[in-house]
Amino acid sequence: MVIEIDDLDFSAFSPEHIARVRPMMEELAVKTRRNLRLLDSILGIQTEAPNLAHEHDCLCLDLHEANTLTAALKDDLTLAHRRIKVLEDRLAALEDTEVEAAVYRSVGLASTAHAVVVSAARRALLHHLHPDRTPPAQRAEATRRFQIASAAFDRIVELRR
């Protein structure tokens, strides 16, 4: 039978007396509990074993649930990585397509232009932009525009290979 200090009737004692005695009684209760556990272990009484077994079972279930959840999360993560890779590849393809279209637009052509049209446009535009056809004061700017157009047509040739 366990008697808690708070369950005892101390009405016959003064509050000062109770305040002095209470710490000693609490210490006595702690020692008594310790001695009872020691006595139980000497006698071979396993009062905590069922609780430990139950706690062990609960922990095993929690561990199994955590492992299952971890495996599911790993699978989800793998799928997410695959999806990200697919999306990155699509984005790269779109960016390449946009860059390609921009190169064609920079020289006034459509990306579907026939090779003959590209060749004729190259000759005509480079002839028109050639620095020798501009006054000496504007040659630096003309050279820059000519080089940009020439590089664009070189890129178009590379894209068509």
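Bear in mind these aren't lab numbers, they're just calculated from the coordinates by the rules spelled out. Remember, it's a predicted structure, so these values are computed and weren't measured experimentally. A quick note on method: Cβ atoms are made from the backbone with ideal geometry, for glycine too, and the neighbour counts reach across all protein chains shown.
Key figures
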{"item": "Contact order relative to length of the chain, as percent, for alpha carbon pairs under 8 angstrom and 6 or more apart", "result": "15 percent"}
{"item": "Contour minus Cα-Cα distance for GLU141 and GLU98 (0.36 nm per residue)", "result": "12.8 nm"}
{"item": "Relative contact order (percent, whole number), region 87-161, Cα cutoff 8 Å, 6+ residue spacing", "result": "34 percent"}
{"item": "0 to 90° range, to nearest 10: angle between helix 15-43 axis and the chain longest Cα axis", "result": "80 degrees"}
{"item": "Two-site FRET efficiency, LEU91 against CYS58, from Cβ-Cβ distance with R₀ of 41 Å, rounded to 0.05", "result": "0.30"}
{"item": "Acute angle (nearest 10 degrees) that the helix 139-160 long axis makes with the longest principal axis of the chain, alpha-carbon atoms", "result": "70 degrees"}
{"item": "Positive dipole terminus of the chain, leading residue within ALA151, LEU129, HIS56 (C-beta point charges)", "result": "LEU129"}
{"item": "Rounded to 10°, Cα long-axis angle of helix 115-129 versus longest principal axis of the chain", "result": "80 degrees"}
{"item": "Helical contribution to [θ] at 222 nm, DSSP H n ≥ 4, -39,500 (n - 2.57), averaged over the chain, rounded to 500", "result": "-28000 deg cm²/dmol"}
